[in-house]
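The values are calculated or read from the model by the stated rules, or taken from the named source; none is laboratory data. Source: prediction; values computed, not measured. Positions of Cβ are generated from backbone atoms using ideal geometry, with glycine treated the same way; all protein chains shown enter the neighbour counts. Ligands, DNA and RNA are stripped out before the accessible areas are found, and what is left, the full protein with its side chains, is counted by its heavy atoms. Shrake-Rupley method; radii C 1.70, N 1.55, O 1.52, S 1.80 Å.
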Amino acid sequence: EKSSLEIETQIWPRLNETDWFKNTAYKDLSEEELQKDESSEANNFLKYTSSVQSRMKTLNEGIEMLKPFLLENFDYNLDLFTHEKMKVDRTIALDALKNTIPVLEDLQDFSNEEKIKEAFTKAIEKMGVKNGQMLWPVRVALTNEQFSPGTFEMVMLLGQAISLKRVQNAIQALS
C-alpha cells in the first residue's frame, strides 16, 4: 500500500490538468512545496489525500474525490439537499443548516471527530429531528456531493472557517 505522500505526488500532475483545479487556492503549489509539507496548503492537501486514499480505486477517482476539499465555492445542486428516505425537504434542510451555525461557532476542537459528533448530537436532540435530517444537509453543504466522507470527518478536515462559510453559502442558496 502506498503512503499518502506517494499518492499525492501521483495525483498532483493529473490535478493540474483539470479545469476546475485551476480555480483553487492550491493551483500555485509546486511539487517541491508539497513534499516539504511546510505550508498550510501543503499540509491540508496531504490531509485531504489521506482521507480519500482508502476510498479510491484509481487515481482519477481520487481526483474527483478531492474536489469537495479543494474547491472554494460551489454552484450547489439544490436537489441534493432533499432526501426522501430520510424525510428531508428543503424546509428541514434550511432549518438544519441554520441550526448548524451555532454548533460550528461554539465548537472549540476541530481536530477531534468525537467532540464534533457530540456537538452535533446535542443540536439534533435540541431540534428534535433524526440524525440524517440534520447531518444530510450539512454534509451536502460541505461537499455538494451525494457520496462523500461523513459530516463529522468533513467538519474535522475542513475546519471551522471553511465549514462555516460553506454552510452559510448553502443557506443563501436555499433561501
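Some notes on this structure:
- Close contacts from the range 68-81, counting a first residue that is open to solvent by 70 Å² or more (accessible area, probe 1.4 Å) and a second that is in a loop (DSSP other than H, G, I, E, B) and among the small types (Gly, Ala, Ser), with Cβ to Cβ under 7 Å and a gap of 6+ residues or different chains, come to Glu72/Ala25.
- Members of the range 40-67 that are open to solvent by 60 Å² or more (accessible area, probe 1.4 Å) and either of a type in the set (S, T, N, Q) or within 14 Å of the chain's Cα centre (by Cα) (or both): Ser40, Asn43, Lys47, Ser54, Thr58, Asn60, Glu64
- Number of positions in the range 46-58 that are modelled with pLDDT of 80 or more and farther than 19 Å from Gly150 by Cβ: 2
- Just one of the numbered conditions (1) within 30 Å of Asp19 (Cα to Cα); (2) open to solvent by 60 Å² or more (accessible area, probe 1.4 Å) is not true of Gly159: (2).
- Here the range 118-165 is the region considered, the condition is being farther than 18 Å from Asp95 by Cα and among the aliphatic types (A, V, I, L, M), and the residue that is farthest from the chain's Cα centre (by Cα) is Ala161.
- The range 144-156 - residue that is surrounded by fewer than 22 Cβ atoms within 10 Å (Cβ to Cβ) and part of a helix (DSSP H, G or I) and, of those, modelled with the lowest pLDDT: Glu153
- Out of Ile116, Ile92, Ile124, one residue alone is out of contact with any Ser or Thr (no Cβ under 7 Å at 6 or more places or on another chain), in contact (Cβ under 8 Å) with a residue 24 or more places away in the chain, over 26 Å from Leu66 (Cβ atoms) and assigned to a helix (DSSP H, G or I). It is Ile92.
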